[in-house]
Every structure is written in structure tokens, then in C-alpha cells.
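Here is the structure we will look at, set down as C-alpha cells.
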Amino acid sequence: MNIYKTTKYFFPKLIVLLLILGVVIFPKESIIAAKSGIDIWVNILIPSLLPFIIGANLIVSLKVVDILGAIINPITQFIFNVSGKSALVFAISAVSGYPVGARLASDLRLKNDISKYEGQRLISFCSTSGPLFIIGAVAVGMLSNSYLGYLMLLCHYLGAITVGLIFRSYGHEKSNKKNNGIIKNIQILLRDNNQEGFFISFGNAVISGVNTLLAVGGFVIIFSVVFKILTLFNIIDFISYIFCFLFSSIGLSKEICSAFISGLFEITIGCNNITNITGVSEVIKASLCSFIIGFSGLSILAQCCSFIAKTDINTNIYIFNKFLHGFFAGIYTFLLYPIIKNYLPVSNFSYVYNTIYNNTFINQYFYNFKIFLLITVIIYIIFNLYFLYKIKD
């Protein structure tokens, strides 16, 4: 008997049985966790996501995506090797947040507007958090620093773009370049009369948006309960001990590990836990939160994968994309932090802080940040131009 197939078959069932057992053993705690998930859904997600989801659905159904896609198609082909309508999904996702980007990308693939490989490339950078959550909820509400929110938002988008550039050659497929000009393409779209009326499109957009938000709410509530039950079963503590053992050489405490692990399940809970830790520098908190927001957590990954799984886009590659997104967003936040600070921050982050900051190179980096930033930008541009032209040839 194949061990891998057996494990793959029974492992999800054992997890479900464990969670049901947890709800039976800890009914009061489960109800409190569910209420917490409902609060997040009602007070944060519905106000911030529903208008954007309805608007995004309208943009697609009214063929605004096709028109704008025809305009920006040459740029997106060159940079990301995707069509114009695909790149517009990134703009909508950047404004509206999770899981709108994954939903729109999946819709394009289901309608066969893009190929399987283009869908994979598209989903690698078109699944992002929205500015309202990063700036409002995390930076202002948790870190009490709006300027840091703008930096984290910039690094979040830079991380997504970096992943998109890395995966631009995935599938060894180049976007089809049409010889028609922009005006000609728009005229072809205007001649297409297979479009529903505005009010029909509006009604469908509202219904679809509400259904999407109901699904999102269900994921948030269930993962709030899941995390609480795993905590009560001491599974989170066990994972935290493993993390602490692996990273004890750089001074990671159990408290930090537990907070970070909670973010791997649900980003709102994780960011809140990280920001509530005392004795940790602001840059470390912001970097960890940036990683969690970029990775998006199991709750949002499950939401996005529920849309992606309806297509032939590989969900495992998508999850790897999100890990890279979180990694780059965290690194960019750490490196660009001096933009909002003209002094070296003080922290009691014990050994890890002294190792990272209190050395000659890092001190020189902070105090000569503008020079280092200029050199880095020049190198980055030269590298990407060389990379793009090499693939083009």
C-alpha cells in the first residue's frame, strides 16, 4: 500500500474528527471563537470588501476589463507576460483585497479568456491584501503608525510584483501578440452586442458579491474555531516549541513564535498578537506582519483555493507563490524601514536585535540609507531589463 496515498486519504478525515471532538469537549470556547470570527467578518470584511466585490463584478460584466485590457496590453505583455485584462485584475485586487484577485483570475480562466499557464502566472501576483486592512487595521489600529502602513503597503505590492516577475516565464508560453492597434481592438469590442443590460448586470453583481462574502465569512469563522481548538489541545504550543528550538540561535521567544504561528492561520489574529508583544522593535513587528499579510494565512488561502480549484490552475504552486510573496514583503519592509525613521530604533529584542542591528554594516546602512537605496534601485532596474530582454530574445 502506498504510504503517501494512504496518508493523503486519511489525514484530512482525522483532522476533521479532531476538530469535531474539540467542539464537543470545549463547546463554550468554540462559541466564543466563532463569535470572534463573526465580529471580524461583520465589522472588518463586509464593509471593506462588499463594495469592491460588487464593483469588480460590474467591471467584468460590463466589459470595462476588456476595453482597459486592450489599452494596457503591450505593457503587461512585456513586464509580466500576461494580457491586458489579466493585469487589470492586479489593480482591482490591490484596491479591494483578498480574495477578489483569485476570484477574478479564476473567472477569466473558467471563461477561457486566458490559458492555463497565463492563469498560473496571473494568480502568482494578483492575489493581494487591500490598503484599508494594511493601513487602517494593522498600521493605525494595531501599530499606531499610519506612515508605517504606507511603507508596508508599498512593500506588499513590491513583493507581489517580484513574484510576478519570477513566474513570468512559467509554462514557457508567450502571450499572443495581436497586430491590431488599440483603436481597432476597442472597435471590435464595441461591435460585440452580447452584453447584458446594466440593471441585470448590477443585480447579478450584487448577488454574486453577497454569495462571495458569505463564503468568506464561513471560512473566517471556521478557522477562528480551528485555531482555538488547536490551542486548547496544545498543538499550537507544540509547534511554537519546534520553532523556538530551530530559531533559538537568533533569540526568538516562544511568545513571538506563538503569535507568528497564529498569523499563519488567520492574518487578523496573527497581526494583532504580534503587535501586542512588548520588548520587540517596531521594524521586527512590521516585518513579521508583512510576511503574514503577504502569505495571507490558511483562512484566506482556503478561500482563494476554493475559487482556483474550480479551474485547472495548480493550487500547490499558488500556495508557494504566497509564501514567496510573504517572504519578499517581509524582507522589503525590513530593508526599507529607514524611509520612515531617520534614526536607529531602540529595542530589547535581546540577542536577535543585537545581532541584526548592532554591527558596523547595518549601522552604515541605516545612516547612509539613501545612497544604498539608489544603488539598489539601479542594480534592480539593470537586472530586470537584462532578464526581460534575455527572455524576449
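Please tell me if Thr128 is within 18 Å of Ser96 (Cα to Cα), modelled with pLDDT of 85 or more, buried (at least 21 other Cβ atoms within 10 Å of the Cβ) and of a type in the set (Ser, Thr, Tyr). Yes: the conditions hold for Thr128.
Residues are listed down the side, and each one gets a yes or a no for (1) under 12 Å from the mean Cα position of the chain (by Cα); (2) at pLDDT below 90; (3) not assigned by TED's automatic domain parsing to the domain that holds Ala105:
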position	(1), (2), (3)
Gly270	no, yes, no
Asn273	no, yes, no
Asn276	no, yes, no
Glu282	no, yes, no
Ala286	no, no, no
Cys289	yes, no, no
Ile292	yes, no, no
Phe295	yes, no, no
Ile300	yes, yes, no
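When you scan the stretch 72-93, how many residues do you find that are in contact with a Phe, Trp or Tyr (Cβ under 8 Å, 6 or more places away or on another chain) and under 19 Å from Leu213 (Cβ atoms)? Total satisfying the criteria: 1. Could you tell me whether Gly159 is surrounded by fewer than 19 Cβ atoms within 10 Å (Cβ to Cβ), of a type in the set (Gly, Ala, Ser) and more than 22 Å from Pro74 (Cβ to Cβ)? Answer is no for this residue.
Checked against the criterion of being more than 25 Å from the chain's Cα centre (by Cα), assigned by TED's automatic domain parsing to the domain that holds Gly22 and within 20 Å of Met142 (Cβ to Cβ), the candidates Ser262, Ser253 yield just one match: Ser253. Contact annotation: residue pairs with Cβ atoms under 7 Å, 6 or more positions apart or on different chains, pairing a residue in the stretch 214-230 that is in contact (Cβ under 8 Å) with a residue 60 or more places away in the chain with a partner that is surrounded by fewer than 21 Cβ atoms within 10 Å (Cβ to Cβ) and of a type in the set (Ser, Thr, Tyr), are Ala215/Ser306; Ser224/Ser36; Val225/Ser30; Lys228/Ser30; Ile229/Ser30. Quick check, is Phe223 in a helix (DSSP H, G or I) and under 24 Å from Tyr98 (Cα atoms)? Criteria met by Phe223.
Does Val216 satisfy being in the same structural domain as Ala102 (by TED's automatic domain parsing) and at pLDDT below 80? Spelling it out, Val216 is indeed in the same structural domain as Ala102 (by TED's automatic domain parsing) and at pLDDT below 80.
The values are calculated or read from the model by the stated rules, or taken from the named source; none is laboratory data. Quantities reported herein were computed from a predicted structural model and do not represent experimental measurements. Every residue, glycine as well, gets a Cβ built from its backbone with ideal geometry; the counts of neighbours run over all protein chains shown.
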